[in-house]
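Here is the structure we will look at, set down as structure tokens.
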Amino acid sequence: MNEKKRLIYIIIVFVALIAIGGVSYKYLSNKYSKSQIENQMPKQGSIGNEANNNINNVTKAPDFTVYNEEGKAVKLSDYKGKKAVVVNFWASWCPPCKYEMPYFQKAKDKYEGKEVEILMVNLTDGSRETKKTALEFMKESKYNMNVLFDTELNAAKIYGIQALPRTLFIDKDGNLVNDHTGLITQDMLDDNIDDLIRK
């Protein structure tokens, strides 16, 4: 009987240590990530990583470099002064990303030829997500959007991507107007795009 009690006591202590360690790790990693993101963001304001974070002050969207299907470099700044930009960060292993993908396809079809470009930036880490898996997903799902590949994780680092999906709304002047983490609805997407076009 004493042996059983001792074993139960050891298990309880072990579980408690794991729980305390998990909470401490989450707290410290969030604290570190926040300071890391703030160091990467422009001095005039912070972008943050909060869901539906409306930017009240003018915040320039930091530039990044990603690659198209042919391997040609594409920069966010390529669109500055030409078009407003919607950037959606996604991966084919991400269920919420896949769930909202039809909304982006509909938006792409609806706003084709207007003053906005929708960039579907795939977080292509080379292991969990590859260019091949991303393209296969797009082909199987019959999506024909402008897919770009963050093969060097340049955009992910600059924007401190910690959760997917994430959508940025950037006006024609390169200002970050809205930064949304998590699922987006069709109405939210269309309303934000309409706001960008009106600016």
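The values are calculated or read from the model by the stated rules, or taken from the named source; none is laboratory data. Everything numeric here is computed off the predicted structure, so don't read it as measured data. Glycine gets a Cβ as well: all are built from the backbone with ideal geometry, and neighbour counts include every protein chain shown. To get the accessible areas, we keep the full protein, side chains included, count just its heavy atoms, and leave off ligands, DNA and RNA. Shrake-Rupley method; radii C 1.70, N 1.55, O 1.52, S 1.80 Å.
Quick one: would you say Lys108 is of a type outside the set (Asp, Glu) and open to solvent by 50 Å² or more (accessible area, probe 1.4 Å)?
no
Given (1) surrounded by fewer than 15 Cβ atoms within 10 Å (Cβ to Cβ); (2) at negative phi, where does Ala155 come up short, assuming only one miss?
(1)
Do you know which residues across segment 110-148 are among the hydrophobic types (A, V, I, L, M, F, W, C) and within 23 Å of Asp78 (Cα to Cα)?
If the condition is that a residue be among the hydrophobic types (A, V, I, L, M, F, W, C) and within 23 Å of Asp78 (Cα to Cα), then Val116, Ile118, Leu119, Met120, Val121, Leu123, Met145, Val147, Leu148 are the ones that fit.
Given Val58, Val87, which one is closer than 23 Å to Leu196 by Cβ, of a type outside the set (Ser, Thr, Tyr), in contact with a strand residue (DSSP E or B) (Cβ under 8 Å, 6 or more places away or on another chain) and open to solvent by 50 Å² or more (accessible area, probe 1.4 Å)?
The unique qualifying residue is Val58.
Taking helices (runs of 4 or more DSSP H) that do not extend beyond segment 80-199, which have at least 3 residues that are within 20 Å of Val66 (Cβ to Cβ) and over 18 Å from the mean Cα position of the chain (by Cα)?
131-140
In segment 138-152, how many are in contact with a Lys or Arg (Cβ under 6 Å, 6 or more places away or on another chain) and either of a type in the set (Lys, Arg) or open to solvent by less than 20 Å² (accessible area, probe 1.4 Å) (or both)?
1
If only one of Glu152, Glu140 is closer than 22 Å to Asp109 by Cβ and either acidic (Asp, Glu) or in contact with a Pro (Cβ under 7 Å, 6 or more places away or on another chain) (or both), which one is it?
After ruling out the rest, the residue left standing is Glu140.
Got a number for residues in segment 111-137 being open to solvent by 70 Å² or more (accessible area, probe 1.4 Å), of a type outside the set (Asp, Glu) and more than 22 Å from Gly174 (Cα to Cα)?
Total meeting the criteria: 3.
So the check is Cβ under 8 Å with 6+ separation or different chains; which pairs have a first residue in segment 102-113 that's farther than 13 Å from Thr185 by Cα and a second one that's in a helix (DSSP H, G or I) and at pLDDT 95 or above?
Lys110/Asp190; Tyr111/Ile193
When the residues of segment 161-173 are narrowed to those that are touching an Asp or Glu at 6+ places or on another chain (Cβ under 9 Å) and open to solvent by less than 10 Å² (accessible area, probe 1.4 Å), which ends up nearest to Leu196 (Cα to Cα)?
Selected residue: Phe169.
Quick check on Thr167: is it in contact with a strand residue (DSSP E or B) (Cβ under 8 Å, 6 or more places away or on another chain), farther than 23 Å from Lys83 by Cβ and in contact (Cβ under 8 Å) with a residue 40 or more places away in the chain?
no
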